[in-house]
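What follows draws every value from the coordinates through simple rules; no lab data is involved. Note that the structure is predicted; figures quoted are calculated from it, not measured. Methodologically, a virtual Cβ is constructed for each residue, glycine included, from the backbone with ideal geometry; neighbour enumeration extends over all protein chains shown.
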Amino acid sequence: MKNFIAALLVVTAVPAFAEGDVNAGAQKAASCMACHGAEGKTAVPLYPNLAGQNSAYLNHALQAYKKGERSGGQAEVMKAFVAGLSDEDMADIAAYYNSLKP
């Protein structure tokens, strides 16, 4: 019973993110490539590699940048990039980077 309750708490506590469209995400990620590389692998240590990242994590990160919940580093730059993205756009971009080999 304890395991069931714990599992139920985890499922209800984690925000649900829509599954994104990888092909649409590839198109929408064009502006990301300048910093994060054409295949989600950057040559600049300042920027993180996105290839192979968990899509739920990436989607959450994009949402947090848009809401201003992340600060420091390149947060203001990222906030500007995601300002015009819809929830669907962010899910698609997250799915695209998740589909790439790390």
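Ignoring aspartates and glutamates fewer than eight residues from LYS66 along the same chain, the ones with Cα atoms less than 13 angstrom from its Cα are GLU76, ASP87, ASP89.
Applying 0.36 nm per residue to the separation of SER86 and GLU19 and subtracting their alpha-carbon distance, the gain on full extension is 22.8 nm. Between rounded, prolate and oblate, where does region 19-99 land on the alpha carbon gyration tensor, with a ≥ b ≥ c its root eigenvalues, rounded for a/c under 1.5, else prolate if a/b exceeds b/c? Oblate, because a/c is 1.5 or more while a/b does not exceed b/c.
Could you calculate the FRET efficiency of LYS67 with MET33 from 1/(1 + (r/R0)^6), where r is the beta carbon distance between them and R0 is 25 Å, rounded to 0.05? Step by step, r from the Cβ atoms, then E = 0.55.
Among VAL77, VAL82, VAL44, the ranking by other beta carbons within 10 Å of each residue's beta carbon, starting with the fewest, stands as VAL44, VAL77, VAL82.
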